[in-house]
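Encoded as structure tokens, the structure appears first; notes follow it.
The values are calculated or read from the model by the stated rules, or taken from the named source; none is laboratory data. Here the structure is a predicted model, which means the values were calculated and not measured. Here the Cβ positions follow ideal geometry from the backbone for every residue, glycine too, while neighbour counts run over all protein chains shown.
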Amino acid sequence: MKRTSSTLCTLFGLLAFSGAAHSQDAQHRPQPNGSTTPSTEATTPSGQAGQGMLTDDQIHGVVSVANQGEIDVAKIALKQGKDKSVKDFANMMVKEHGKVKKDLMGLAKTAKIKNGDSPTKQTFEEAGQASMTRLKALKAVEFDKAYAEDQVKAHQDLLNTLDTELIPSAKNEKLKALLEKIKPSVAAHLDQAKAISQKLSSQM
């Protein structure tokens, strides 16, 4: 009887050890994304991009990068574009986004808001650089079509970001007021870019 009890204790001990080892192995087993940690909700900055609240400095950084990108690519359009509507649109971009640039610089001084970094800012920066690289290699009709398409995407992205991240996150009243002032212009530019893109596509 004692021998039977001893055997049962040994068996239960082995089962307990096996279960613990299996649990520990499951915790450190590589996940589909290559991680050795259990799959939990992402908490890294990249996992929160486009969803988390931004600081006023970060908001200023996003708008500054997006705004400067519009000016830079518009200057290329004035040199390499052919269609009159494209050149007129580019000229308007330089002027209107130039005014926004001055407003941002003034706000930085009066409200002491810095140009902060964020994943959202990086996204706009990379998109702007990619657009410039692509457009510099094109001329005339091909350039016009590509520029119009890029402007549709750029303004749609900025409009969405204003609604989902920038305006809801802004704490400084002057910054929020500037964002709300910019939004209708961005929407108007989007409609104009769509009209130009559709016109050029119908001519191809």
*Of the numbered conditions (1) closer than 16 Å to Asp57 by Cβ; (2) surrounded by fewer than 19 Cβ atoms within 10 Å (Cβ to Cβ); (3) modelled with pLDDT of 95 or more, Lys109 fails exactly one; give the number of that condition.*
(3)
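Okay, residues lined up against (1) in contact with a His (Cβ under 6 Å, 6 or more places away or on another chain); (2) among the small types (Gly, Ala, Ser); (3) not in a helix (DSSP H, G or I):
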| site | (1), (2), (3) |
| --- | --- |
| Glu149 | no, no, no |
| Ala154 | no, yes, no |
| Leu159 | no, no, no |
| Thr164 | no, no, no |
| Val186 | yes, no, no |
| Ser197 | no, yes, no |
| Leu200 | no, no, no |
*Restricting to the range 55-78, what's the tally of residues that are within 18 Å of the chain's Cα centre (by Cα) and either surrounded by fewer than 20 Cβ atoms within 10 Å (Cβ to Cβ) or without any contact (Cβ under 8 Å) to a residue 60 or more places away in the chain (or both)?*
5
_Subset of the range 38-57 (residues that are more than 16 Å from Ile182 (Cβ to Cβ) and modelled with pLDDT of 95 or more)_ = Thr55, Asp57
*How many residues, within the range 150-174, are buried (at least 18 other Cβ atoms within 10 Å of the Cβ) and acidic (Asp, Glu)?*
2
*Could you figure out which of (1) surrounded by 17 or more Cβ atoms within 10 Å (Cβ to Cβ); (2) in a helix (DSSP H, G or I) isn't true of Ala177?*
(1)
*Condition check for Gly81: more than 25 Å from Ile167 (Cβ to Cβ) and buried (at least 23 other Cβ atoms within 10 Å of the Cβ)*: yes
*asked:* Can you tell me which condition Asn115 does not meet? The list is (1) part of a helix (DSSP H, G or I); (2) polar (S, T, N, Q); (3) more than 17 Å from Ala193 (Cα to Cα), and all the others hold.
replied: (1)
_Asn115 being closer than 18 Å to Ser64 by Cβ, modelled with pLDDT under 95 and surrounded by 15 or more Cβ atoms within 10 Å (Cβ to Cβ)_ = yes
